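Peer 1: Have a look at the structure that comes next, please.
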Amino acid sequence: MKLHRILIAEDEEIARRALRLACERSGCPVKVVFEAVTGRQAVEALREVRPDIILMDVVLPGMDGLAVTRYARKLYPATRVAIVSAYDKFDYAQEALRAGAVDYLLKPVRPEQLVMLLKKLCAELDAENGSRAGAEDAGDDQQPNAPHAAALQRARAYIAERYARGLTLEQVAAHVGMAPTYFSRIFKQEQGCTFMQYLTRVRLEEARRLLRTTTLSIAEIGDAVGYHGASHLTAVFKQAEGISPGAYRRRHGRP
């Protein structure tokens with residue numbers, strides 16, 4: 001089984017050891033290959049070890065974690081970056097997502113929370129590796145599929161950046177230079193779901209995270225993820241989860 005390489009960028013020794021231990025005991029196919037204590041070390045390690053996953057502290061000496069995240073996403077867009085921070089503020093989380101982070105974990109990170117994240121990221125990476133291997137086996141077929149892969153990668157990044165702003169399929173299609181109908185067909189073919197299903201999934205994933213880790217009201221969370229007001233979020237959330245946002249928070253939120 002392929003082990004996914006993890007880079008930990010954390011200047012606090014105790015926190016760094018805790019993250020490494022949680023990774024090693026997670027049961028996930030991962031291996032910590034480097035521990036950086038400064039932003040510059042993290043950047044240099046990117047080129048050396050090419051990590052699949054980065055656990056990135058926001059505050060690092062010399063070069064902050066968000067700057068390193070932007071750099072990582074620009075050079076290695078397939079690398080997943082999860083921000084680890086002591087700042088329980090919504091604007092920090094938003095800035096992290098805009099920088100390209102896939103999640104925002106609050107210190108002290110609970111092992112079960114990290115395990116959930118690693119399982120999700122490993123599943124995504126395994127799926128991508130499988131798709132890439134299939135494309136290589138297809139030989140000549142890789143030449144029509146490669147442009148689609150690049151376009152869909154840009155589409156996913158665009159959705160991650162703008163999902164809270166009333167995003168439409170037409171806007172994303174225009175961003176990647178495709179006709180809406182063609183983009184819709186390719187997106188469903190490659191992602192296994194429609195554009196709207198994917199957008200809903202992204203929004204609800206962020207809503208669940210905010211419910212677990214913040215004290216924002218349901219209405220504020222609805223506005224933050226692209227659903228205006230509490231009633232809209234509640235309707236979509238109950239349909240997907242089977243329970244209301246409030247019940248989810250009581251069950252999964254921090255004590």
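Laboratory data are not the source of any read-out in this text; all were calculated from the coordinates shown. Here the structure is a predicted model, which means the values were calculated and not measured. For neighbour counting, all protein chains shown are included, and Cβ atoms are generated from backbone atoms with ideal geometry for every residue, glycine included.
Peer 1: Say we join alpha carbon atoms closer than 10 Å with springs in a Gaussian network model of the chain; which of VAL172, VAL236, VAL84 then has the biggest fluctuation?
Peer 2: VAL236
Peer 1: Mind sorting LEU152, LEU233, LEU211 by how few other Cβ atoms lie within 10 Å of their own Cβ, fewest first?
Peer 2: Fewest-to-most Cβ neighbours within 10 Å comes out as LEU152, LEU211, LEU233.
Peer 1: With each run of n ≥ 4 DSSP H residues scored as -39500 (n - 2.57), what mean residue ellipticity at 222 nm is computed for the chain after dividing by its residue count and rounding to the nearest 500 deg cm²/dmol?
Peer 2: It lands at -20000 deg cm²/dmol.
Peer 1: Rounded, prolate or oblate: which one fits the chain, using the alpha carbon gyration tensor with axes a ≥ b ≥ c (rounded when a/c is under 1.5, else prolate when a/b beats b/c, else oblate)?
Peer 2: Note, shape of the chain comes out oblate.
Peer 1: I've got another one for you. Please state the charge dipole magnitude for the stretch 4-124, taken about the Cα centre, from unit charges on C-beta atoms (+1 on K and R, -1 on D and E), reported in debye and rounded to the nearest 20.
Peer 2: 380 debye
Peer 1: For the chain, what is the charge dipole size about the Cα centre, in debye to the nearest 20, if Lys and Arg each add +1 at the Cβ and Asp and Glu each add -1 at the Cβ?
Peer 2: My answer is approximately 580 debye.
Peer 1: Cα centroid distance between the stretch 219-255 and the stretch 80-128, in Å?
Peer 2: That distance is 19 Å.
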